[in-house]
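Reviewing the structure listed below.
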Amino acid sequence: MTSPAAATTPPPHLSDPDILSAIETVRADVARLHGELVRYGLVVWTGGNVSGRVPGADLFVIKPSGVSYDDLTPESMILCDLDGSVLPGTPGSERTPSSDTAAHAYVYRNMPDVGGVVHTHSTYAVAWAARGEEIPCVITGMADEFGGPIPIGPFAIIGDDSIGRGIVETLSGHRSRAVLMQNHGPFTIGVDAADAVKAAVMCEDAARTVHIAREAGPLIPIPQDRVDALFSRYQNVYGQASDERR
Ligand SMILES: O=C(CO)[C@@H](O)[C@@H](O)COP(=O)(O)O
């Protein structure tokens, strides 16, 4: 029989007003960012997901599995710990979290600087993944955003840590914020959920452009020192000093 005190005492972080405020902010951001996947044509039906780490807590927010993007609200997002377990009694916890929750959780546990994770089935990126072929860095936009090629990750079946392990093993120490999991599709990471969504948008743009270029003729590689210079400028000069990525 649970004592009344134990039944009503929330986990320590859920009694901290700063953490509660951070949770609400991440819920709103993650709910809104799923609309960006639709806006940029990265998903069909419900075939993609966004999550965001809660700053200052071992928690993250992710969408419910198989729910239309039209129906996603901050309250319908699901709050999980870094093992991927849903926090009971929190808004949205009555639903099942995304199929990829274990993968997102594995990334958050093993890549502490990552604040957001995105998975899509965007067409051109999945086509490269179906061939198990990395996207070569032959356009300056890729050098800017990814600092080189977009790598291929191992074939992994959904449902355990294998996808998350493949993402971490491929992206740890790699400039790219996107990985094409073989035969499946792109997973991207970022300093926050918005940054991971941007990486997913730019990954699909690169996949499409390089695919079309290669159909028309041989690709011209960019010299590595030029890739390095472009990446450094884009990461440290482009945009505004207040940008989150700086
Ligand atoms: O790729 C898969 C399933 O194989 C999932 O990522 C995709 O369908 C999205 O699933 P969720 O709606 O996030 O559970």
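The values are calculated or read from the model by the stated rules, or taken from the named source; none is laboratory data. Computed from a predicted model, the values in this text were never measured in an experiment. For neighbour counting, all protein chains shown are included, and Cβ atoms are generated from backbone atoms with ideal geometry for every residue, glycine included. All accessible areas refer to the heavy atoms of the entire protein, side chains included, with ligands and DNA or RNA removed. Shrake-Rupley method; radii C 1.70, N 1.55, O 1.52, S 1.80 Å.
Comparing LEU219, LEU82, LEU180 in a Gaussian network model of the chain (Cα springs below 10 Å), the most mobile by mean-square fluctuation is LEU219. The 3J(HN,Hα) values that the Karplus relation (6.51, -1.76, 1.60; θ = phi - 60°) gives for the range 78-86 are, in residue order, 10, 8, 10, 8, 6, 8, x, 7, 6 Hz. Gly and Pro appear as x.
Can you give me the accessible area per residue for the chain, using a 1.4 Å probe, in Å²? Mind showing how you got there, number by number?
On the way: 11660 Å² over 246 residues.
In whole numbers, the chain has 47 Å² accessible per residue.
How much of the accessible area of the range 4-236, probe 1.4 Å, is carbon plus sulfur, in whole percent? Before the final figure, lay out each step's value.
Details: 5770 of 10360 Å².
Carbon-and-sulfur percentage of accessible area, whole number: 56.
When the surface is traced with a 1.4 Å probe over the full set of protein chains, HIS174 keeps roughly 70 Å² accessible.
Extending 7 Å from the Cα toward the beta-carbon at both HIS121 and THR209 defines two label points whose distance is 2.7 nm. A Stokes-Einstein calculation at 10 °C with viscosity 1.306 mPa s, built on the Kirkwood radius of the chain over Cα pairs, returns a diffusion coefficient of 85 µm²/s. For the range 97-227, the mean projected area of the C-alpha convex hull, equal to one quarter of the hull surface, is 7.4 nm². Summarising the amide proton neighbourhood of ILE150: residues at separation of 5 or more, or on other chains, whose placed amide H is nearer than 5 Å comprise ILE135. Phi angles across the range 10-26 convert, under the Karplus curve 6.51 cos²θ - 1.76 cosθ + 1.60 with θ = phi - 60°, into 3J(HN,Hα) values of x, x, x, 5, 7, 9, 8, x, 5, 5, 4, 5, 5, 4, 4, 5, 5 Hz, Gly and Pro given as x.
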